[in-house]
Structures are given as structure tokens and as C-alpha cells.
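Taking it in order: structure first as C-alpha cells, then the write-up.
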Amino acid sequence: MISRIKGTTKLIGLLGDPVKHSLSPLMHNTAFKALNLDYVYMAFQVKEGFIKEGIEAVKTFNLEGFNLTMPHKQRVMEYLDEVSEEAALIGSVNTVKNIDGKLFGYNTDGKGFVKSLEEKNIEYKGKKIVLTGAGGAARAVAIQLAYDGAGEITIFNRTMDSAVEIVDIINKNIPSCKGKAFKLKEEELMKEIRDASIFVNCTSVGMEPNAGESIISSNKAFHKDLFVADIIYEPKKTKLLSMAEEAGCKYMNGLMMLIWQGAIAFNIWTGKNMPVDLIKKLLEKQGFYV
């Protein structure tokens, strides 16, 4: 890696806290090397409350672009010159491109999920989609699906306020999609799943320290035409996905969402397509599986 860094090398970074666990440097630097692009990607720990200083550093050192992770995805927006329509609706940014000192923000999280569905030939346009969770990931996935043509988005969450906020954004701004919010109760969730085309878990239930748990205790509402997605990618098969497999449903974990959100960001910065198959094989070697 060091041997290919030159005075002309363009710098791209990740701003967040924590960042040591991130797979983004591995993914992007592998892609840069494979395509012989004169870029390098580094992770920078920027503590909560210091995003303004982080942005000033980005401009001072003329980074080509950067990613954002928690806790900065929302706060960063006030320091950007322009954001995409989807990012404005979602209310957060995870990817920024620097063009002559002007910062343009995007949200590729939801796009990454949609691309994962398309890769598996899962039809979502005009369909009913049920999601659990109402955090940042759920917000990005739900609003992007609605923006891209989903017919109905139904969100279940333990507290109603966040779920209601998301469906209000959908109903007020994307009239082609109907948004509904429910307090998370299994009986109601199962009722909504019965006529849904896609069920997505956007909560952390199923990953450490809750590995072995599922947001739903029974798969009796699952039907053969239901596609089940879990945005968790470690473990590779959560209890929810095992339940989907037992019910004969097609399913996916969150690894391809992770890869595709990075691939879309990669294209924004470089104008090139990330070698997705190479990155998939790389992460499989690291112990991650679709």
C-alpha cells in the first residue's frame, strides 16, 4: 500500500467514532489497487461534537471525498453546500464529494439496499414492504425504497415517534407510496407480513450481544413468495434468516448492502465502477458471507 502512495495520490476518508472496526478502508483500497487508481482511503476518528473541525480539516487537506458514520451522519448536513434529494428526505448523509472546495452530500445506504434487491431480481416496485426498526438504517432503507417505487412501506418499532416520523416523510413527499407505522407487537407484525412481498429487519436484534435472537418468534406468517432481508451481516445467517429458510423463503443478509453502498460511493468519487465481485470474494476470505 505505502509503495503506491505518491505526491499525486488523492485522499478519501471516513469520519466517525468508532472507526477501527470499519471494512471501508479494506474495500476501497483493494478496489483502487485493482483499477490502478491513484487514491488512498483512510479512517479518521472524529469524536462527537467535532464534525465542524473535521470538515475544516477535509477542506484544508483537500480530500477528494469522504464517508461518514456515526455519530455524524445528520449533523454534517449543516456544513455541506448541497445534498441530493434522497439524502434531504432521509435527513442524513454518508458520502460527500469535494468539488473545488464545495461539498456535495449523498446517502448511499438505502441505495445499497435497493441495489442488493435488484441484484437478486427481487421485485419491490409497487409492492408492500414491512420493516422493523426506525433508526438511521431503517430510515434510509424505507425512504429509498419509497423513492424508488415501492407501493407501501409499513414500519414497526418499539417506540412510535421515530416510525411515525419516517412514514410522515413518505406520505408527504412520495405520494406514490403509502406509509404506515405500528408499535411493535408480534400479532400485528405477523398480520402485516402475511400479505407483504418483502420483510426487512433493520434492528440490531440477531447480532452480538443478541445473536441467537429474532425480532419475531415464529415464521408461521412467512409464505413462499415472501423475501426476507436482514441488514445484519455478522453472523452471516441470523435466527431470522434461518427461520426464513425453514419456511422456504428466499432471503439475504446485509453484506451486499454494505458492499453496494460502498460501490455507489466509489463511483461518486472516482467515476469508475467498483469491482464488486472482487470485493465480495475479499470479504468472504475475511469470513463474511452473503
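The values are calculated or read from the model by the stated rules, or taken from the named source; none is laboratory data. Quantities reported herein were computed from a predicted structural model and do not represent experimental measurements. Cβ sites come from the backbone with ideal geometry, for glycine too, and all protein chains shown count toward neighbours.
Points worth noting:
- Residue in the range 254-273 that is free of Cβ contacts under 8 Å to residues at least 60 places away in the same chain and either farther than 30 Å from Lys10 by Cβ or in contact with a Lys or Arg (Cβ under 8 Å, 6 or more places away or on another chain) (or both) present: yes
- Qualifying residue in the range 117-131 (condition: within 20 Å of Ile231 (Cα to Cα), crowded, with 19+ Cβ neighbours inside 10 Å and without any contact (Cβ under 8 Å) to a residue 60 or more places away in the chain): no
- The range 135-163, subset surrounded by fewer than 17 Cβ atoms within 10 Å (Cβ to Cβ) and either under 17 Å from the mean Cα position of the chain (by Cα) or among the aliphatic types (A, V, I, L, M) (or both), residue farthest from Phe113 (Cα to Cα): Met160
- Of all residues in the range 210-241, exactly one satisfies the criterion of being buried (at least 21 other Cβ atoms within 10 Å of the Cβ), in contact with an Asp or Glu (Cβ under 7 Å, 6 or more places away or on another chain) and hydroxyl-bearing (Ser, Thr, Tyr), namely Thr238.
- The one condition in (1) buried (at least 24 other Cβ atoms within 10 Å of the Cβ); (2) more than 24 Å from Lys183 (Cβ to Cβ); (3) not assigned by TED's automatic domain parsing to the domain that holds His28 that Asn201 fails to fulfil: (2)
- Meets criteria (surrounded by 24 or more Cβ atoms within 10 Å (Cβ to Cβ) and outside the structural domain of Glu152 (by TED's automatic domain parsing)) for Val83: no
- Among the residues of the range 141-184, those that are among the hydroxyl-bearing types (Ser, Thr, Tyr) and under 20 Å from Val93 (Cβ atoms) comprise Tyr147, Ser162.
- Among (1) assigned by TED's automatic domain parsing to the domain that holds Trp269; (2) farther than 18 Å from Gly16 by Cα - the single one Val114 does not satisfy: (1)
- Candidates Lys20, Lys97, Lys73 - the one that is within 23 Å of Ile166 (Cα to Cα), in the same structural domain as Val276 (by TED's automatic domain parsing) and charged (D, E, K, R): Lys73
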